[in-house]
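Enquirer: Quick one: this structure, given as structure tokens, is what I'll be asking you about.
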């Protein structure tokens with residue numbers, strides 16, 4: 001369903017991206033923001049899934065600023081390498097890449113963002129700093145570091161209650177600081193519960209979170225629902 005395209009960010013950086021388009025008229029556009037494992041098979045599957053639901057989806061390869069073509073496995077070596085690249089990148093470059101993807105989606109209608117893991121934190125920043133219609137963040141562990149920033153668009157967040165990497169105190173602090181942001185916590189889910197390629201995958205929580213996410217996109221991206 002998808003294809004590899006090239007995007008150009010505002011600072012002139014060129015990066016690859018995976019794009020999946022729906023059959024027929026698009027319901028809107030979605031920037032799908034990767035985990036620390038790159039635009040891998042799982043992220044391409046996520047894009048394909050949203051395209052099947054009627055949305056044009058682009059996953060920018062934000063790791064291209066450090067090294068092109070990074071696709072990592074969900075093992076200890078993948079985690080170590082992914083964290084190294086994430087630390088080297090910082091935040092400004094990835095924001096420019098997300099913005100470039102959003103610009104490429106503008107002909108598809110209103111544009112939202114959805115991110116997973118590190119991408120969940122980037123989705124939060126996109127809501128606070130970029131001109132997007134809405135944002136969804138899955139288990140964004142670094143959102144707490146930007147808790148003083150205010151989203152400029154509707155946002156929903158998903159967290160797993162048994163996530164060892166995100167303290168529930170952080171989730172409570174986010175909820176307290178942003179009373180208008182729905183924060184969904186899944187009691188039997190840990191970090192990465194949406195990814196069916198991880199041992200932490202929790203099908204029931206992933207299904208519920210996806211239903212909420214699609215309802216949110218229908219509300220904020222679709223011009224009308226017949």
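Enquirer: Can you tell me which condition residue 111 does not meet? The list is (1) over 19 Å from residue 138 (Cα atoms); (2) in contact (Cβ under 8 Å) with a residue 12 or more places away in the chain, and all the others hold.
Expert: Every listed condition holds for residue 111 apart from (1).
Enquirer: Assess whether residue 31 counts as being touching a residue at least 60 places away in the same chain (Cβ under 8 Å) and assigned to a strand (DSSP E or B).
Expert: Yes.
Enquirer: Take region 154-174 and flag every residue that is touching a residue at least 60 places away in the same chain (Cβ under 8 Å) and either outside any loop (DSSP other than H, G, I, E, B) or within 16 Å of residue 121 (Cβ to Cβ) (or both).
Expert: Passing the criteria: only 156.
Enquirer: Is it true that some residue in region 194-206 is crowded, with 19+ Cβ neighbours inside 10 Å, over 21 Å from residue 44 (Cα atoms), modelled with pLDDT of 95 or more and in contact with a strand residue (DSSP E or B) (Cβ under 8 Å, 6 or more places away or on another chain)?
Expert: no
Residues checked against (1) touching a helix residue (DSSP H, G or I) at 6+ places or on another chain (Cβ under 9 Å); (2) in contact (Cβ under 8 Å) with a residue 60 or more places away in the chain; (3) in a loop (DSSP other than H, G, I, E, B):
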position	(1), (2), (3)
180	no, no, yes
185	yes, no, no
189	yes, no, yes
205	no, no, no
208	no, no, no
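Enquirer: Please work out which one of (1) in contact with a helix residue (DSSP H, G or I) (Cβ under 6 Å, 6 or more places away or on another chain); (2) surrounded by 23 or more Cβ atoms within 10 Å (Cβ to Cβ); (3) under 20 Å from residue 13 (Cα atoms) is the condition residue 119 fails and give its number.
Expert: (1)
Enquirer: Do we find that residue 64 is within 19 Å of residue 201 (Cβ to Cβ), in contact with a strand residue (DSSP E or B) (Cβ under 6 Å, 6 or more places away or on another chain) and assigned to a helix (DSSP H, G or I) in this structure?
Expert: no
The values are calculated or read from the model by the stated rules, or taken from the named source; none is laboratory data. These numbers were taken from a predicted model, which means no experiment stands behind them. We place every Cβ from the backbone using ideal geometry, glycine too, and count neighbours over all the protein chains shown.
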